[in-house]
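Data block below; observations after.
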Amino acid sequence: MSAPEPAQPLDRPLENRVDYLNLHTGKSFVIPFEELVIFSTNLEPEDLMDPAFLRRLPYKIEIGAPTLDIYKRIFQKECVKQASSFPAPPST
């Protein structure tokens with residue numbers, strides 16, 4: 001199974017709180033689940049989906065690019081978390 005293209009969002013009936021598992025034998029199962037769907041993209045939402053789909057998303061939060069200082073802090077924390085031996089970036 002290949003990953004969907006960025007301009008091809010999931011088109012699943014998530015509000016029903018069930019999904020379907022299809023086996024290679026042709027047998028199908030209903031799988032109940034609770035979902036939290038998070039879309040992340042650098043494309044404009046209007047370029048990804050139609051207005052009806054956008055209306056079904058209850059929360060839309062734009063998160064801009066981090067400042068250089070915040071980026072450095074994120075990078076350093078990830079280095080520590082990954083036990084990397086990257087040198088600390090030079091302070092500016």
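Report yes if Lys77 is open to solvent by 100 Å² or more (accessible area, probe 1.4 Å) and modelled with pLDDT of 85 or more, otherwise no.
It is true that Lys77 is open to solvent by 100 Å² or more (accessible area, probe 1.4 Å) and modelled with pLDDT of 85 or more.
What number of residues within segment 21-37 are modelled with pLDDT of 80 or more, open to solvent by 80 Å² or more (accessible area, probe 1.4 Å) and closer than 25 Å to Pro58 by Cα?
Qualifying residue count, segment 21-37: 1.
How many residues does segment 38-53 hold that are open to solvent by 100 Å² or more (accessible area, probe 1.4 Å), over 17 Å from Ala65 (Cα atoms) and at pLDDT 80 or above?
Here the count works out to 2.
The values are calculated or read from the model by the stated rules, or taken from the named source; none is laboratory data. Just so you know, these numbers come straight off a predicted model, no measurement behind them. Protein only, heavy atoms only, side chains kept; ligands, DNA and RNA dropped before computing areas. Shrake-Rupley method; radii C 1.70, N 1.55, O 1.52, S 1.80 Å.
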